[in-house]
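Below: the structure, in C-alpha cells.
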Amino acid sequence: MSPRHRTSPSSRHARRWLGGAVAAGLVVLCGPGVAPSVAVVPPAAPLAAPRAVPAPAVAPAAPLAVPLAADAPLPDPAILTARLKKVSTKGIQKVGVVVTTTDGQVLADRSSGTPLTPASTMKLFTTMAALDALGPERTFATRVVDADGKRIVLVGGGDPLLTDKTSTSSYKTASLQKLAAATVAALRAAGRTSVGLRYDASLFTGPTFSPDWKSKWLGWEARVAALEINSGKVSGGRAASNPPKTAAKAFAARLRAAGITVTSILPATAPAGATELARVTSTTTARIVHRTLLLSDNVAAETLSRHAALANGRAGSFAGAAANVTAWAADNGLWVTGQRILDGSGLAPGSRLAPAALAAAVRLALAEDRFAPVIGGLPVAAESGTLKYRFDDRSEAAGRHVVHAKTGTLSGLAGLAGYVTTADGALLVFAELGNKATSYYRVYDWLDREAAVIAGCGCR
C-alpha cells in the first residue's frame with residue numbers, strides 16, 4: 001500500500017485498513033500443487049549462497065502464550081481442506097495456504113511451496129534473524145562526543161525508536177530531550193556556552209530509501225538511517241528527506257533553548273577515541289522486536305536488520321541486511337526455491353516468500369525460547385496491533401481472540417502467518433497469502449474467514 005494512503009475508520013473496510021495498512025507486505029501462492037514440506041535449496045544470485053540444512057523438526061515449546069489441551073483432537077485433513085475451499089477467493093488471482101501442527105504435520109495445503117510477495121509477513125524472518133544475531137538484551141546508544149574542545153558530535157547508534165521529545169511509552173526510552181539535558185550539564189561543567197554541532201550517521205551505509213521500493217512513496221515512506229527521530233517522520237506525516245540532519249537540527253534547538261549557542265550544524269565522522277559527553281540508550285532488542293511486529297514498524301524492522309547484518313560481518317545496508325536474512329533463513333531450513341529477500345520490512349514488491357516457509361518460521365518461533373519476543377509480539381485478532389480492527393463480521397467471529405498472526409499489506413495483496421487455538425484446544429500453525437487482488441480489502445476478507453474456519457473447526 002502506498003504510504004500516502006490514509007482512510008478514516010468510519011466504515012468496515014476503513015477499520016480493516018487500520019488493522020493492516022501499517023504492515024507492508026504479503027505473499028500469495030498459485031497453482032494446484034501440494035507442498036507438504038519446505039525444500040531447502042541455495043538462494044539465487046546475486047546473494048551469496050548460504051549453507052543449506054535440513055528443515056528443523058519443531059516441537060511445541062512450553063509455556064505457550066495459549067495453553068493447550070493435552071489430548072486436543074486434530075481436524076481431519078480432508079474435512080478441513082474442504083471447508084477452507086468453500087471460502088471465496090473471488091477477486092484474488094493468486095493464493096497460497098498451509099495449515100500444520102506445531103511439529104510440521106500438514107493438515108491443509110494449497111500451493112504453499114510457491115513463493116509470492118510477502119509484504120510485512122517478511123518481518124517474521126527479519127526479527128528472528130535479528131534476535132539470533134543480537135540477542136534479546138542488546139541496546140543501542142545515541143551519543144554526544146567532544147570533537148576538539150570547540151565542536152561536539154551527535155553520533156547515531158541506530159536506535160529505531162529515538163524520539164525528539166521524551167515519550168511516556170515503555171518502548172521509547174531514549175530521546176533528544178534527555179540527551180540535550182545531559183549534554184548541557186556536561187558543557188556547563190566544562191565552562192562551555194558555545195559549540196559547533198556535527199552529526200555522524202556513518203554506522204549504516206548505502207541508500208536510505210530502497211531502490212526496490214516504489215518511487216511514488218518518496219516523501220511518505222520513512223528513510224532508514226543510523227540517526228533519526230520520530231520514526232523518520234516530520235509534520236503532516238511526511239518523511240524526513242535527510243533524517244540525520246533533521247535530528248541534528250532538533251538537537252541544536254534543544255541546546256539553544258537551554259542557553260547553549262550552536263554556531264553551525266554539519267555532517268562529520270566522530271574522531272576515534274573522542275571523549276563522550278552524554279548518551280541515551282534504547283530499550284532492548286526484545287522490546288523493539290515486540291513492538292515491530294505488533295505495529296508492523298517498517299523503520300524498526302529495517303534498522304534491526306542492519307544491526308543483525310553488522311553483527312555478522314556484513315554491511316549495514318539494504319543489500320547487506322537482505323543477504324544476512326537470506327543466509328539465516330537457509331541456515332534454519334526455511335529456504336524455498338524462488339524465494340527472494342530485498343529488504344527487512346516487506347515493502348519491496350519484488351520480494352518473495354512461500355507460505356510453507358512462513359509457517360515453518362512460526363513453528364520454529366514457538367519451539368525455541370530465544371524467539372519468545374516474536375511470539376509475544378504477534379497481533380491478536382480483535383484485540384491488538386494490526387489485527388485490532390480485523391475479524392469484524394459474523395463469518396470471522398470464531399477467530400477473535402484466538403488468532404495470533406503477523407499481518408502483511410500492500411496494494412492489491414495481503415497475508416497472515418501465525419498460530420491459532422481451535423475450538424477443541426489444538427494449537428495449529430498457519431500461513432496464508434493472497435496476491436493480485438482487486439483490493440487488499442478483498443484479501444482481508446479471505447484471510448480472516450479462512451483463519452476463522454481453522455479456529456472454529458472440529459472438522460472430524
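The values are calculated or read from the model by the stated rules, or taken from the named source; none is laboratory data. All values reported here derive from a predicted model rather than from experimental measurement. In this analysis, Cβ positions are derived from the backbone assuming ideal geometry, glycine residues included, and neighbour counts consider all displayed protein chains. All accessible areas refer to the heavy atoms of the entire protein, side chains included, with ligands and DNA or RNA removed. Shrake-Rupley method; radii C 1.70, N 1.55, O 1.52, S 1.80 Å.
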Checklist outcome for this item: accessible surface per residue for region 100-180, probe 1.4 Å, DNA/RNA/ligands not counted, whole Å² -> 31
Next on the checklist: Straight-line reach from LYS165: which lysines fall under 19 Å, measuring Cα to Cα and dropping same-chain residues less than 8 apart?
Outcome noted: LYS178, LYS233, LYS245, LYS249
Next on the checklist: I'd like the accessible area for GLU137: 1.4 Å probe, protein heavy atoms, all chains in place, Å² to the nearest 10.
Outcome noted: 130
Item to check | Cut-off under 5 Å, modelled amide H: who pairs with CYS457 long-range | outcome: ALA423
Checklist entry - Computed on alpha carbon atoms, what radius of gyration and Dmax characterise region 354-396, expressed in Å? => result 12.8, 37
Item to check | Difference of contour (0.36 nm per residue) and Cα-Cα distance, HIS401 to SER170 | outcome: 80.8 nm
Next on the checklist: What FRET efficiency comes out for ALA189 versus LYS86 if R0 is 51 angstrom and r is the Cβ-Cβ distance? Round to the nearest 0.05.
Outcome noted: 0.10
Checklist entry - Ignoring ligands, DNA and RNA, what accessible area per residue does region 278-321 give at 1.4 Å, in Å²? => result 26
Checklist entry - Could you give the length gained on full extension between ASP424 and SER439, defined as 0.36 nm per residue of separation minus the Cα-Cα distance, in nm? => result 2.0 nm
Checklist entry - So how many Å³ per residue does the convex hull of the Cα atoms of region 166-289 work out to? => result 138
Next on the checklist: Give me, ordered by chain and number, the residues 5 or more places off LYS436 or on other chains with an amide H under 5 Å from its own placed amide H.
Outcome noted: none
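What is the calculated FRET efficiency for ARG370 to THR281, with r their C-beta to C-beta distance and R₀ = 25 Å, to the nearest 0.05?
FRET efficiency, ARG370 to THR281: 0.70.
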Checklist entry - Ranked highest first by average number of other Cβ atoms within 10 Å, how do 229-240, 406-417, 96-107 line up? => result 406-417, 96-107, 229-240
Item to check | Hypothetical label at VAL234: residues of region 190-209 whose amide nitrogen lies under 20 Å (7 Å Cα-Cβ projection) | outcome: 197-202, 207-209
Checklist entry - How far is it, in nm, from the label point at ALA311 to the one at ARG256 when both lie 7 Å from their Cα along the line to the Cβ? => result 3.9
Next on the checklist: Just to make sure I understand: if all protein chains stay in place, what is the order of ASP445, ASP132 by accessible area at 1.4 Å, largest first?
Outcome noted: ASP132, ASP445
Checklist entry - How much length is gained on full extension from THR263 to LEU218, taking 0.36 nm per residue of separation minus their Cα-Cα distance? => result 13.0 nm
Checklist entry - Of all the accessible heavy-atom surface of region 56-214, with the other protein chains kept in place and a 1.4 Å probe, what percent is carbon and sulfur? => result 53
Checklist entry - When DSSP beta bridges are limited to those with both residues in region 128-273, what percentage is antiparallel, rounded to the nearest 5? => result 30
